[in-house]
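These notes concern the structure reproduced below.
Since every read-out is calculated from the coordinates, none of them should be taken as a lab result. Because the structure is a prediction, the values reported are computed rather than measured. Here the Cβ positions follow ideal geometry from the backbone for every residue, glycine too, while neighbour counts run over all protein chains shown.
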Amino acid sequence: MFPPQKRKPILLQGHERSITQIKYNREGDLLFSVAKDTVANVWYSVNGERLGTYNGHTGAVWCVDCDWDTKSVLTGSADNSCRLWDCETGKQLALLNTNSAVRTCGFDFSGNIIMFSTDKQMGYQCFLNFFDLRDPQQIEDNQPYLSIPCSEHKITSAVWGPLGEFVIAGHENGEINQFSAKSGEILKKAKEHTKQINDIQPSVDLTIFITASKDNTAKLFDSTSLDHIKTFKTERPVNSAAISPIMDHVVMGGGQEAMEVTTTSTRIGKFEARFFHAAYEEEFGRVKGHFGPINCVAFHPDGKSYSSGGEDGYVRIHYFDPQYFDFELEA
């Protein structure tokens with residue numbers, strides 16, 4: 001499908017356990033990775049050199065985000081905390097304790113407001129919390145200016161919508177909700193997936209987003225209206241999906257059903273990232289490499305490379321060959 005890659009992928013070895021999320025900063029010179037081993041790493045994306053770590057969490061780190069001007073980093077962990085770090089020095093700036101694991105987190109466009117969601121566990125329900133970082137009192141008292149309970153189905157993935165007016169949240173039952181960051185009310189709902197939403201990633205301009213679901217599909221939606229635009233079908237659960245900033249392409253990473261695990265050899269690194277044409281919903285390429293399911297994928301902001309993080313604990317940075325950019329799907 002794809003011509004073999006001329007350039008070898010860059011292998012980032014900085015985690016002992018499976019990767020949970022990877023995230024580029026806006027310029028794309030840095031790549032952040034978090035894993036089930038308590039460490040948050042930051043790497044130079046151009047050569048895969050590790051810049052440093054953010055040390056402090058005592059449990060699996062589920063999520064990471066970086067603000068618009070790469071000043072601060074946000075992480076959420078199973079140690080029941082959400083932490084704010086100075087990107088450059090690695091110093092912990094704020095510690096927000098919660099009653100359950102922090103599953104998703106993110107800065108709004110201004111970098112002033114953070115949101116994070118907590119898991120439904122140990123008798124505590126899922127909450128979506130909002131803090132204004134300009135108000136040190138909120139941080140000091142650990143009092144969010146807005147806390148939205150999600151009693152029905154917990155949030156499994158969430159991102160900020162355009163203009164920072166609402167958060168788009170995917171739930172364990174496949175539902176998508178827009179939660180207002182001002183009032184906390186649900187502005188819009190969509191239910192196109194039949195199973196849990198594992199990942200949500202916006203396009204560069206935030207006007208559309210892609211969802212990855214356990215129901216073996218990824219889907220494109222309009223961020224404002226939640227209109228369902230496209231569907232990309234596979235034979236196995238989709239753990240993560242991302243939208244190319246320059247091509248009409250999406251990349252998806254997934255795993256296999258637990259029942260198949262014993263019948264396939266993971267030795268050969270045959271877990272593939274899969275490329276689909278966004279308009280035609282057709283698969284046009286696969287890239288092998290990981291020795292286990294792919295948990296997260298991300299496009300570099302310039303669209304010339306992408307990264308994947310695996311259950312095998314590796315992050316791989318793949319640079320596209322020149323012919324990738326000339327590729328046109330035969331109609």
- Of P149, P245, P136, which has the largest mean-square fluctuation in a 10 Å C-alpha GNM of the chain? P136
- Item | Other-chain or far-sequence residues with amide H under 5 Å of I155's (modelled H) | none
- Can you pull the semi-axes for the stretch 205-330, root of five times each eigenvalue of the Cα gyration tensor, sorted largest first, whole Å? 23, 18, 13
- Over all alpha-carbon pairs of the chain, lay out the pair-distance distribution in 20 Å bins, whole %, shortest bin first. 34, 60, 6
- Task: Subtract the Cα-Cα distance of K189 and S225 from 0.36 nm times their separation in residues, and report this length gain in nm to one decimal.
- Result: 12.1 nm
- Query: Any idea how many Lys pairs in the stretch 15-153 come in under 23 angstrom at the alpha carbon, given 8 or more places apart or on separate chains?
  - Reply: 6
- Message: As a test of the formula, what do you get for the chain when each DSSP H run with n ≥ 4 contributes -39,500 (n - 2.57) and the sum is divided by the residue count, at 222 nm and rounded to the nearest 500 deg cm²/dmol?
- Response: -500 deg cm²/dmol
- Task: Give me the aspartates and glutamates in straight-line cross-link reach of K154: C-alpha distance below 15 Å, same-chain residues under 8 apart excluded.
- Result: D119, E172, E175, D199
- What size of dipole, in debye to the nearest 20, comes out for the stretch 48-188 about its Cα centre when the only charges are +1 on Lys and Arg C-beta atoms and -1 on Asp and Glu C-beta atoms? 200 debye
- Message: Once you place label points 7 Å from the Cα toward the Cβ at R286 and Q121, how far apart are they in nm?
- Response: 3.3 nm
